[in-house]
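K.L.:
Quick one: this structure, given as structure tokens, is what I'll be asking you about.
What follows is calculated from the coordinates using simple rules that are stated; it is not laboratory data. Bear in mind the structure is a predicted one, so any value in this text is a computation, not a measurement. Positions of Cβ are backbone-derived with ideal geometry, glycine not excepted, and every protein chain shown enters the neighbour counts.
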Amino acid sequence: MRMVWRGKLKNYIGGVMFEPTDLFLVAVVNDPRDLELARLLGWYRIPLRHAPKVVRVDGLAFYLTADFGAERWSVRYAAKVRGVEMVRRIDLLQDEAGHPRAQEEYYKLQLGPLFALPRTIPTHGWKRLTFLYTTGAKLLTANSLEDLAIRGTEQQLLWGALRERAEVSDAGYGEDASAWQDALRLFIDWSSASE
């Protein structure tokens with residue numbers, strides 16, 4: 001459902017409003033339990049040592065892997081991000097006190113309600129993915145995971161959005177250009193590989 005409000009196009013899916021320019025992070029979900037935690041408890045975790053450079057995004061979309069049976073290798077669900085905090089794994093998963101990474105730091109992304117995308121976004125080649133930045137508009141129009149990649153002149157807009165978010169984040173990347181190159185290397189490599 002789309003609605004024009006004060007001259008801007010708004011999108012509503014599952015009662016959740018987002019804009020075409022909202023920045024989404026597509027994240028891997030390897031275990032159905034993790035999707036249930038996101039749905040029921042409203043959070044998703046990313047290990048600090050494997051996290052993308054910018055986690056302060058407007059939304060999170062979930063790439064489901066092999067353990068999801070018929071839903072595997074696709075993006076079907078998303079949620080708005082309400083906040084980000086740093087916690088230890090043991091603080092999130094208290095029943096896993098003996099886990100080898102129990103004391104490691106994780107980003108905890110606090111989520112709004114999960115919503116199903118209007119159509120499934122399958123992959124037509126890529127099975128391995130860590131993180132991918134995309135937009136709300138691409139989530140609505142993509143026919144495959146590869147379509148979520150931002151190419152051409154839109155890459156400069158993405159670069160600017162990531163830079164702006166990092167400047168206001170706690171991560172402290174500031175004006176370090178090499179950090180920005182690292183932040184987008186995966187994105188640019190992925191885009192080039194899928195062309």
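K.L.:
With a cap of 14 neighbouring Cβ atoms within 10 Å, and only residues DSSP puts in a loop, list the trypsin sites (Lys or Arg not before Pro) found in region 103-151.
P.N.:
K127, R128, R151
K.L.:
Ranking T135, T141 by Cβ neighbours within 10 Å, fewest first, what do you get? Spell out each step's value before the answer.
P.N.:
Details: T135 23, T141 14.
The fewest-first ordering by Cβ neighbours comes to T141, T135.
K.L.:
Now for a different question. Determine the gain in length on full extension of the stretch D95-R49; use 0.36 nm per residue of separation and subtract their C-alpha separation, reporting nm with one decimal. Don't skip to the end; give the middle numbers.
P.N.:
Working: separation 46, 0.36 × 46 = 16.56 nm, distance 2.20 nm.
Stretched fully, the D95-R49 segment lengthens by 14.4 nm.
K.L.:
So, one more: Hand me the trypsin sites (Lys or Arg not before Pro) from region 51-107 located in a DSSP loop with no more than 14 other Cβ atoms within 10 Å, in residue order please.
P.N.:
R72, R101
K.L.:
How long is the gain from T141 to T120 if the chain were fully straight, where each residue apart is worth 0.36 nm and the alpha carbon distance is subtracted?
P.N.:
6.5 nm
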